[in-house]
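Quick notes on the structure that follows.
Nothing in this text is a laboratory measurement; each read-out follows from the coordinates by a stated rule. Predicted model only: the values in this text are computed from it and were never measured. No Cβ is skipped: glycine too gets one built from the backbone with ideal geometry, and neighbour counts run over all protein chains shown.
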Amino acid sequence: MSNVVIHANRLSKRYEIGAVRENTLRGQVAAGFQKLGRRDKIHGESPTTLWALKDVSFEVEKGEVLGIIGKNGSGKSTLLKILSRVTRPTTGWVGIKGQIGSLLEVGTGFNPDLTGRENIYLNGAILGLRRQEIDRKFDEIVAFSEIEQFLYTPVKHYSSGMYVRLAFSVAIHLSADILMIDEVLGVGDAAFRQKSAARIQQIVKDEGRTIMLVSHDPGSIRSLCTKCLYLKAGALEGEGLPDSVVDDYLTDSIGATPGSNQATKVEPRHAKI
Amino acid sequence: MLLEAEEDPNVLPGTTEENQWKNGSPPMDDFDYVIHSHRRLFDFPVKQIWESRELLYFLVWRDLKMRYKQALIGAGWAVIKPLMMMLVFVVVFGLFVKVPTGDIPYSVFVYTGLLPWTFVSTIISIAAASLITNSPLLKKIYFPRLLIPLSSSITSLVDLAISLPLLFGLMVWFQVPFSWRVIVVPILILLMFLLSFGIGLLMAALHVKYHDVGMLLPIMLQVWMYASPVIYPIELVSERWLPLYSLNPLVGMFQAFRWALLDAQSPTPLMLVSSIAWTLVILASGIIFFHFSEDTFADVV
C-alpha cells in the first residue's frame, strides 16, 4: 500500500455511563440483582450506554496535517485515545505504520515537586523518548521553552505559562513519525503560539512527519492543516479541505456566516487548558 | 435471538455483526501494528516492556525522589518505621507477654520478622494502589501498564538497603553469630519480592474496578501478619495446626529467614514447597489477570 500511515476502519467506542455506581462490589452485586429482576423488560429500559464514536473511517497519508474539529463531546479526544492506544475501540480496527507520539494534554506526567530539568527527563521518557535522545535534545527543549533560569526550580513554583511552555516543548521534540496533538496550540502568549505553529510547519515540511491536530480553534486548523475531519456526536460529519470543512462546522454549530470574525470569537478557545 | 440483536445495547444501532467486518480482516502486512477491539490471546507485551526499561528506570527514580524528597529526615523513615514497630512489640511481647525465643534477645528476633513483613506488606499495598495514584498517566498515555506496579514494587526494594544493614548492626550489637547460611537471604528476598509483586498485580487490577480493595486490603494484611511467624516463633503453633499453618506461603520464607540469620529451627519441606508453589502460582495468575484487565484500566480508573 502507498503512503497511508493511519487507516481507521469503522471505529466505534461505547462507554457505560452507569458504570460509576458499579465501581464497588456492593454496586456490582446490586446491579446484578437489578438485571435479574427486570430481565423480561430489559429492552424497555432507557439506555445507559453512550457511543462516543460511531462508525468512523478515514485514512491519513505520510506528511499530512490532519485537523479534527468538533464541539466538546463530539468524540475527538476519544478518537485520539484510540489511536494512541490508551483505550481500545469497541468495534473496528486501526492500522498504523510508524511510531505514534501523543500529546493528549499538556503536562501529563509532570511532577510538581521535581525541577524543570528533572521533569524534562521524566516526561520525555513517559512520552517515549530514549535517554540519549533527551540528552541530545535537552538544550533545544530548554531554549524553545524559554525557562533557562528556572531549570532547577520545582515546577510547582512555575507560572502556568512557564509550565505549559515547558511541557509543550518536551512534546514537540518527540521523534515519533506521527504526532498527535490535542488542544495545545493555545499555549503561552502570542509569540510562543507563533513559534509553536512554525515548529509544526517545520516538522511536516522539513522532516516529512505526520501530524494529527485536534482543536476547537478554526484559525489554527485553517492555517496548519492539509485535511480536516469534522466530528459531530461521534460520527464523521465532514471530511476534506480544511477551509470548506471548517466553514461547514461553523455554519452548523453557530449558524454564523463562514469566515466571519465573530464566529471565531464565539468559539470557546482552548477550553481544555 | 436475531431479533434481539437488533436492540442489543452492546451493538451500535444500525451496524450488525456482519457488516462490521465487511471490509474483511485488517491487512496486517501493510502496517507496523493494528489496534483491534479485543486483545489477541497471546500478545503479552514482553518486547514492549523490555523496550520501556528506561521508562521503568525513570518511574522508579521519580518514586524514590518523591518518597524521600519532602520528608525531613528523608531515607531515615525506612529505619524509623520498623524500629518503632520493633519497640512496641518488644515492650508488649518481650517484656509483658514474654514470648519465649531461646537464646536470642526478643528485639533481634522480632526484627528478623518485621523486616521481611514490612518488605512484603509495603510492596503489596503500594503496588495495589499504584494504578489509582497514577491514573492521570493511564488516561493519557500508552505504555505497558505493568510498568506502574513493577516500578512501585522495585522502589520498595530500595528500603532493604537501609533496613538490612540495620539488622546486621543489631546482630553485632547483641552478639548473634553469623553463619554461612546468610547466603540464602538474597534468594529468600527474591521469593518474597515475586510473591508480593504477584499479589500486588492482582490487587492493582482489582482495585481499579472495585474500590473496596482499598478498604479490605489493610485488614487482610493485618490478619496475614498474625497468621505468619513475625512476632512469635513457630514453636508456639500447636502440632495439630502446623500442617495447615505451613500452607501459608510466608511461613516457609520467614522461618527460612530466621534459620539463615538466627539459627532458628529450619522450615519443614512442606513449608518450603508451599512457599515456592504459591509464589509461582500467584505470580503467574497475577501477570495473566493483569494482562487481561489492562485494556479497560483507562476506561474505568
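Side notes on the structure shown:
- Peptide A:79-92 has a mean shielding of 6, counted as Cβ atoms of other protein chains within 10 Å of each residue's Cβ.
- Cut-off 20 Å (backbone N to label point 7 Å along Cα→Cβ of B:L244), residues of the range B:212-229: B:220-229
- Computed E for B:W173/A:D189 - FRET, C-beta separation, R0 51 angstrom, nearest 0.05: 0.20
- Gap separating the Cα centres of the range B:207-222 and the range B:85-125, nearest whole Å: 25 Å
- Full-stretch length increase - B:V237, B:L87 - with 0.36 nm per residue and alpha-carbon distance subtracted: 51.6 nm
- Note on A:7-15: average number of Cβ atoms from other chains within 10 Å of each residue's Cβ is 4.
- Structural descriptor for chain B: relative contact order 22 percent, calculated from alpha carbon pairs under 8 angstrom and at least 6 residues apart.
- Estimated inter-spin distance, B:D295 and B:S37, nm [label 7 Å along Cα→Cβ]: 1.0 nm
- For the range A:236-252, 3J(HN,Hα) per residue [Karplus equation, 6.51 cos²θ - 1.76 cosθ + 1.60, θ = phi - 60°, Hz, x = Gly/Pro]: 7, 9, x, 7, x, 5, x, 4, 6, 5, 5, 4, 4, 4, 5, 4, 5
- Under 13 Å from the A:D139 label point (7 Å along Cα→beta-carbon), backbone N, the range A:194-224: none
- Neighbouring partner chain Cβ atoms per residue of B:203-210, average, 10 Å criterion: 2
- Across A:K137/B:K140; A:K71/A:K156; A:K76/A:K97; A:K156/B:K140, pairs whose alpha-carbon gap is larger than 28 Å: A:K71/A:K156
- Taken as Cα centroids, the range B:225-241 and the range A:64-100 sit 56 Å apart, rounded to the nearest whole angstrom.
- Förster radius 51 Å - calculated FRET efficiency between A:D206 and B:D103 (Cβ-Cβ, nearest 0.05): 0.10
- Local charge for B:Q175 was computed over the other residues whose Cβ lies under 15 Å away, with Lys and Arg +1 and Asp and Glu -1, and equals -2.
- Total charge dipole magnitude, the range B:47-300, about the Cα centre, Cβ charges on Lys, Arg, Asp, Glu only, Debye to nearest 20: 460 debye
- R0 of 51 Å, Cβ-Cβ distance A:N72-B:V281: FRET efficiency to nearest 0.05: 0.60
- A simple spin-label model places pseudo-atoms 7 Å from Cα toward Cβ; at B:Y226 and B:V46 they are separated by 4.4 nm.
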